[in-house]
């Protein structure tokens, strides 16, 4: 297991287009998190899954955003009708249930640029 | 509401010297952990050190140590014998929402100068 994997690493899209990102967590980690990080800022929580169940969504997750984790394995984050304000690094993290106090394992992120 | 403040947007330190990054936070929870994460340029975020709030002893990991002042809600990171590889963004963070998510500070950009 090589850790948390995110694809693609970079995505440039035109405003109004839809984009989808993928995260493959560490295989035994049943919790998966999505964060957004804008330039020069700390990560902001978007949503998280316990297995296949999406347990919480942030107010930042507008109705243009949707996340799924079918079968409790990989997860996808889709942004519809992208806007320039969506430009950011999208980070995925995972950990076993009950292990939040040991900290996340992060992926390398997907950097989205909306032009 | 839980908040994290890092009042130093940027810092620099000469190689081999010591630097301290500050962090203050606010929480209504009693039992919690605090973390420092490091994000090197164009690389993934990794955990540097963590502190259990109910422990009075400050955590240490090799060249990294913390100064945890629970009453003051202060959690600073000291890096001794700074190395060029320490150049990175450093984020202070702690779990909230009964341990469901993390809240991160805005970060401190540390540059280690040769």
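The values are calculated or read from the model by the stated rules, or taken from the named source; none is laboratory data. Remember, predicted model here, so these are calculated numbers, not experimental data. Ideal geometry is used to build each Cβ from the backbone, glycine not excepted, and the neighbour counts take in all protein chains shown.
Output the number of residues of the range A:92-115 satisfying the condition of being farther than 14 Å from residue A:8 by Cβ, at pLDDT 90 or above and either assigned to a helix (DSSP H, G or I) or within 14 Å of the chain's Cα centre (by Cα) (or both). The qualifying residues number 4. Taken over the range A:23-54, the residue count meeting the criterion of being in contact (Cβ under 8 Å) with a residue 24 or more places away in the chain and in contact with a helix residue (DSSP H, G or I) (Cβ under 7 Å, 6 or more places away or on another chain) is 1. For the range B:28-50, which positions are more than 7 Å from chain A (Cβ to nearest Cβ), touching a residue at least 40 places away in the same chain (Cβ under 8 Å) and not in a loop (DSSP other than H, G, I, E, B)? B:34, B:36, B:37, B:38, B:39, B:48, listed by residue number. Listed by position, the strands (runs of 3 or more DSSP E) inside the range A:8-50 whose residues that are crowded, with 22+ Cβ neighbours inside 10 Å number at least 1 are A:19-24, A:31-37, A:44-50. Residue-level check: of (1) modelled with pLDDT under 90; (2) under 22 Å from residue A:39 (Cβ atoms), residue B:91 misses just (1).
Does residue A:46 meet the test of being within 10 Å of the chain's Cα centre (by Cα) and within 24 Å of residue B:109 (Cβ to Cβ)? It is true that residue A:46 is within 10 Å of the chain's Cα centre (by Cα) and within 24 Å of residue B:109 (Cβ to Cβ).
Evaluate the following for residue A:112: is it away from every other protein chain (no Cβ under 14 Å) and either surrounded by 14 or more Cβ atoms within 10 Å (Cβ to Cβ) or out of contact with any strand residue (DSSP E or B) (no Cβ under 9 Å at 6 or more places or on another chain) (or both)? Yes. Would you check if residue A:72 is farther than 18 Å from residue B:101 by Cα, out of contact with any helix residue (DSSP H, G or I) (no Cβ under 9 Å at 6 or more places or on another chain) and loosely packed, with under 14 Cβ neighbours inside 10 Å? No, not satisfied.
Screening residue A:61 with (1) without any contact (Cβ under 8 Å) to a residue 60 or more places away in the chain; (2) within 13 Å of chain B (Cβ to nearest Cβ); (3) within 12 Å of the chain's Cα centre (by Cα); (4) part of a strand (DSSP E or B) gives one miss only, at (4). May I ask you to list the residues in the range B:62-114 that are within 9 Å of chain A (Cβ to nearest Cβ) and either over 13 Å from the mean Cα position of the chain (by Cα) or under 19 Å from residue B:16 (Cα atoms) (or both)? Answer for the range B:62-114, where residues must be within 9 Å of chain A (Cβ to nearest Cβ) and either over 13 Å from the mean Cα position of the chain (by Cα) or under 19 Å from residue B:16 (Cα atoms) (or both): B:89, B:95, B:97, B:99, B:100, B:101, B:102, B:109.
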